[in-house]
Amino acid sequence: MSTEGGTKAVVAALSANLGIAVTKFGAWALTGSSSMLAEAIHSVADSGNQVLLLVGGKASKREATEEHPFGFARYRYYYAFLVAVVLFTVGGLFALYEAWHKWQHPEPIESWHWVPVVVLLVAIVLEGLSFRTAIHESNKVRGNLPWTKFVRRHRAPELPVVLMEDAGALIGLIFALFGVSMTLITEDGRWDAVGSAAIGLLLVTIAVVLGSETREMLLGESAVPEDIDKIKVALADAGYTDVIHLRTVHIGPEDILVTAKVAAAPDESLATIVARTDDAEARIRAAVPAVKLIFIEPDVRRAPDPA
């Protein structure tokens, strides 16, 4: 599972969001539209989030130390969690505040009427191109998984984060276009507040989903069921057909730790057990390349205590 696709999607999203943020701020300065300001802050938050993902990717490549013997791969999860926090506070809560303020003091768009519509339409095109890149890179590793399951089960955070951000950005732009258009048609600034509120609720929802998923990653998720099945098959092919217990955990997106207690015959020699264990480790790594650390403990299965 390479990080190249995730990085490409992040860079594409960052490039799009920086340009879009500048144009949105310009449109807000000319029109005073609340929806445009909410969308401008949204783009700033997304740009910061993409920078966080890139920083997390770089930090995760540090070599292991005595204090951190399993390395720093989980930095990618930590920075992905920060993305959720930024999206919730800077994006969602600000948009909701701006909606409340504009509802209390509605103002029609009195000048440069065409600017916010043009900016939003151009932004939809640019975000669509970024979203297409994220979809293309995700399809390389998604297989036949439905999109919702892919977001929940993919252990590398970059692609799910960018997918959700880009999808949210497109929906948010549609909300903003609706609010601005209705304000221009009715000359009632409260429609602008409605668009801003819809954007805020959308961003808060996405942030909660992302926070929940990255929380599970930080706590330590097991390998996906398909990889666990491959590990069991590798153990059986090596001669360990009786697995007493098997535990797996992602210590990073491409770093799986495997611990297994396996049953061996009481009369087997140490040399036989060592050879079989070495063979099992080789087979596991061949079957699941993401497995970096393996601890296999041969034991004698004991009969359960009578009730």
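Can you name the residue in the stretch 214-229 that is in a loop (DSSP other than H, G, I, E, B) and of a type in the set (A, V, I, L, M, F, W, C) and is also surrounded by the fewest Cβ atoms within 10 Å (Cβ to Cβ) among such residues? Explain how you work it out, then say what you get.
Looking only at the stretch 214-229, we keep the residues that are in a loop (DSSP other than H, G, I, E, B), and these are 220-224.
Narrowing further to those that are of a type in the set (A, V, I, L, M, F, W, C): 223-224.
Details: ALA223: 22, VAL224: 18.
Ranking the candidates gives VAL224 first.
Taking the stretch 230-307 and the strands (runs of 3 or more DSSP E) fully enclosed by it, the elements with 2 or more residues that are without any contact (Cβ under 8 Å) to a residue 24 or more places away in the chain are at 243-252. Scanning the stretch 259-293 for residues that are surrounded by fewer than 19 Cβ atoms within 10 Å (Cβ to Cβ) and of a type in the set (Val, Ile, Thr) gives THR259, THR272, ILE273, VAL274. Determine whether ILE256 is in the same structural domain as LEU173 (by TED's automatic domain parsing) and either among the basic types (Lys, Arg) or crowded, with 18+ Cβ neighbours inside 10 Å (or both). Considered against the rule, which asks whether it is in the same structural domain as LEU173 (by TED's automatic domain parsing) and either among the basic types (Lys, Arg) or crowded, with 18+ Cβ neighbours inside 10 Å (or both), ILE256 comes out as no.
Quick check on my filter: what residues within the stretch 3-33 are touching a Pro at 6+ places or on another chain (Cβ under 9 Å) and more than 24 Å from LYS58 (Cα to Cα)?
So in the stretch 3-33, the residues touching a Pro at 6+ places or on another chain (Cβ under 9 Å) come out as 3, 6, 24, 27-28, 30-31, 33.
Selection gives LYS24, ALA27, TRP28, LEU30, THR31, SER33.
Within the stretch 42-70, if we keep just the residues that are among the charged types (D, E, K, R) and in a helix (DSSP H, G or I), the residue that is nearest to PHE25 (Cα to Cα) turns out to be ASP46.
Scan ALA73, ALA38 and give me the residue that is assigned by TED's automatic domain parsing to the domain that holds SER181 and either part of a helix (DSSP H, G or I) or β-branched (Val, Ile, Thr) (or both). Spell out the reasoning first.
Details: ALA73 fails: either part of a helix (DSSP H, G or I) or β-branched (Val, Ile, Thr) (or both).
Only one candidate qualifies: ALA38.
When the stretch 156-188 is filtered for residues that are over 27 Å from ALA80 (Cα atoms), surrounded by fewer than 22 Cβ atoms within 10 Å (Cβ to Cβ) and of a type outside the set (Phe, Trp, Tyr), the ones remaining, listed by number, are LEU177, SER181, MET182, LEU184, ILE185, THR186, GLU187, ASP188.
Condition check for ILE206 on (1) among the aliphatic types (A, V, I, L, M); (2) modelled with pLDDT of 90 or more; (3) under 24 Å from TYR79 (Cβ atoms); (4) out of contact with any strand residue (DSSP E or B) (no Cβ under 9 Å at 6 or more places or on another chain): one failure, at (2). Residues that are surrounded by 15 or more Cβ atoms within 10 Å (Cβ to Cβ), of a type in the set (Ser, Thr, Tyr) and touching a helix residue (DSSP H, G or I) at 6+ places or on another chain (Cβ under 6 Å): does the stretch 10-22 have at least one? No, that holds for no residue.
The values are calculated or read from the model by the stated rules, or taken from the named source; none is laboratory data. Since the structure is predicted, the reported quantities are computational estimates derived from the model, not experimental observations. In this analysis, Cβ positions are derived from the backbone assuming ideal geometry, glycine residues included, and neighbour counts consider all displayed protein chains.
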